[in-house]
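Visitor: Structure incoming, see below.
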Amino acid sequence: MKKILLAFDGTHFSNGAFQFARQLNELEPALVTGAFLPQAQAANLWSYADGMSGPMFVPLVEERDTEVMQANKEKFETLCRKNGMEYRVHEDLYDFALPELKAETRFADVLIIGSEVFYENLGGKLNEYLQDILHRSECPVVVVPEKYNFPKTNILCYDGSESSVYAIKQFAYLFPELTKQPTLLVYIHEDGKNEFPQQVNIEELVSRHFSDLTLMKLDMSPEKYFSTWINNRESALVVSGAFGRSAISQLIRRSLVKDVIAEHKLPVFIAHR
């Protein structure tokens with residue numbers, strides 16, 4: 001049984017994130033923990049984190065709407081009971097902020113978060129605080145749009161880096177129930193000449209976990225075209241190692257992870273050490 005952490009901006013309930021957790025629970029029962037971040041703390045999300053500096057610009061926020069937060073907690077509990085899900089709500093997180101969410105991820109198998117509603121008032125398609133969570137989380141993260149089809153296929157983004165292989169392994173270990181789905185192991189190279197890095201090794205590893213595996217090499221500019229290609233794949237889940245150091249990883253981080261999340265079409269699984 002996995003422990004799933006669901007994080008909500010307290011005044012916005014992500015139905016997309018909840019439904020993803022619900023469908024995972026149907027495949028394999030899990031403990032689902034709801035964490036509700038109060039809106040009033042948005043200006044101080046990183047302010048008291050030891051050794052961390054907050055953003056240069058701090059937006060103004062409204063006062064905490066305790067009634068909305070309480071309604072969202074009750075909605076979460078009602079939905080969990082209705083769907084037969086084991087759940088927890090951490091009532092002591094009234095002054096919850098992102099450093100505390102980081103600590104929570106240390107004790108979770110996976111964090112699920114809504115890409116469209118998590119502090120959406122802070123502006124932008126992929127706001128700074130969501131990006132910080134993706135970077136600082138101590139467990140893998142699934143970022144989920146509000147409207148999507150639950151994945152029937154997996155797209156494993158591979159560039160030969162430690163980060164990409166680590167993400168693929170973490171996905172396989174966490175979600176063996178999804179590894180039976182048709183799976184693409186995708187390598188992209190702009191000049192069309194380079195072959196899969198360590199093709200024999202990666203195929204030996206990945207084929208042990210994914211029973212319906214296809215290797216695909218794309219000859220295109222990752223920065224210009226990859227996010228467009230991947231967003232045209234329906235009912236897919238994207239697996240990516242974020243914050244890698246290689247040149248291709250940097251392109252994937254910028255063009256795939258950021259753009260795919262920002263376009264709110266596909267769930268994205270992100271894992272990094």
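The values are calculated or read from the model by the stated rules, or taken from the named source; none is laboratory data. Worth saying up front: this structure is predicted, and the values here are computed from it rather than measured. Positions of Cβ are backbone-derived with ideal geometry, glycine not excepted, and every protein chain shown enters the neighbour counts. Accessible surface is based on the protein model in full, side chains and every heavy atom, while ligands, DNA and RNA are left aside. Shrake-Rupley method; radii C 1.70, N 1.55, O 1.52, S 1.80 Å.
Visitor: Using a 10 Å cut-off on Cβ atoms, rank the peptides 174-185, 104-115 from the highest mean neighbour count down. Display every interim value, and only then the final one.
Guide: Numbers: 174-185: 18.6, 104-115: 21.2.
Those peptides, ordered most packed to least, come out 104-115, 174-185.
Visitor: Provide the packing ranking of 197-207, 143-153, i.e. peptides ordered by the mean count of other C-beta atoms within 10 Å per residue, highest first. Don't jump to the answer; show the numbers that get you there.
Guide: Details: 197-207: 14.4, 143-153: 18.1.
Listed from highest to lowest mean packing, they are 143-153, 197-207.
Visitor: Mind giving me the nanometre distance, one decimal, between the label points for ARG233 and LEU205, set 7 Å out from Cα along Cα→Cβ?
Guide: 1.8
Visitor: Okay, next question. How far apart, in nanometres, would the label points at GLN198 and GLU86 be if each is projected 7 angstrom from Cα along the Cα-to-Cβ direction?
Guide: 3.6
Visitor: Using a 1.4 angstrom probe on the protein heavy atoms only, could you order VAL89, VAL238, VAL68 from most to least accessible area?
Guide: Numbers: VAL89 25, VAL238 0, VAL68 50 Å².
Accessible-area ranking of VAL89, VAL238, VAL68, largest first: VAL68, VAL89, VAL238.
Visitor: What is the gain in length, in nm to one decimal, between GLU28 and GLU77 on full extension, counting 0.36 nm per residue of separation less the C-alpha to C-alpha distance? Write out the running numbers ahead of the final one.
Guide: Numbers: separation 49, 0.36 × 49 = 17.64 nm, distance 1.92 nm.
Extra length from GLU28 to GLU77 when fully extended: 15.7 nm.
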